[in-house]
């Protein structure tokens, strides 16, 4: 397989048509090698338009979804970032390449360890990887300028919004399969937030995510 040709096709045939046109994002996707972060034996799928199984019932997001999330968040060099769900560590690397510092939390210790090894090989030092249950919030290093959830939640806990700095952005996929929507929540100041619906999608839920209340009559 011609790796660079496959990478080029991923950007031109999958990512650009999905309304990802930010040159900073597109350039980063060409420079940061996605194939280095996929599980062993799945290199041939690194550039495919699908979710790659990571084990423990989790998956690596599709390339176009990673790219679209990154574009919508508009990460700045001064941003402090919280990532819920380290997974393969690829999204962590993308965020760390653009922001000041990334705090990434995963509930699966194996993911934290493996991602730490991969990211160390890239010489990235502006990140902190932790193992823990952050599906309902992680204010340990907050407040943050950017928060991204890499797994879906049936309902978005308010704790995430409270962890945003003024001007901060939160991206989460909210809903229950097959009806999920990616939402961008922006802290507009004085405790107020504005929510924008971005697109429909369906991704693996976060473990231990807050559930919708069921009313019994």
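Shape analysis of segment 73-137 places it in the oblate category; the axes a ≥ b ≥ c from the Cα gyration tensor give an a/c of at least 1.5, with a/b not above b/c.
Sorted ascending by nearby beta carbons within 10 Å, beginning with the fewest, 144, 103 become 103, 144.
Out of every Cα pair in segment 171-216, what percent are spaced more than 14 Å from each other?
59
Take every pair of alpha-carbon atoms less than 8 Å apart whose residues are at least six positions apart; their mean separation over the length of segment 1-123 yields a relative contact order of 21 percent. The tail of the calculated P(r) for segment 146-187 beyond 12 Å holds 54 percent of all Cα-Cα pairs. All Cα-Cα distances of segment 3-201, cut into 10 Å bins from zero to the largest, leave 9, 38, 40, 13, 1 percent in each bin in turn. For the pair segment 150-217 and segment 22-47, the centres of their Cα atoms are 26 angstrom apart. Label positions at residue 48 and residue 128, each projected 7 Å from the Cα along the C-beta direction, are separated by 3.8 nm.
Computed from the coordinates by the stated procedures, all read-outs in this text should not be read as laboratory data. Values in this document were obtained by computation on a predicted structure and should not be read as measured data. Counting neighbours? That spans all protein chains shown, and the Cβs are built from the backbone with ideal geometry, glycine included.
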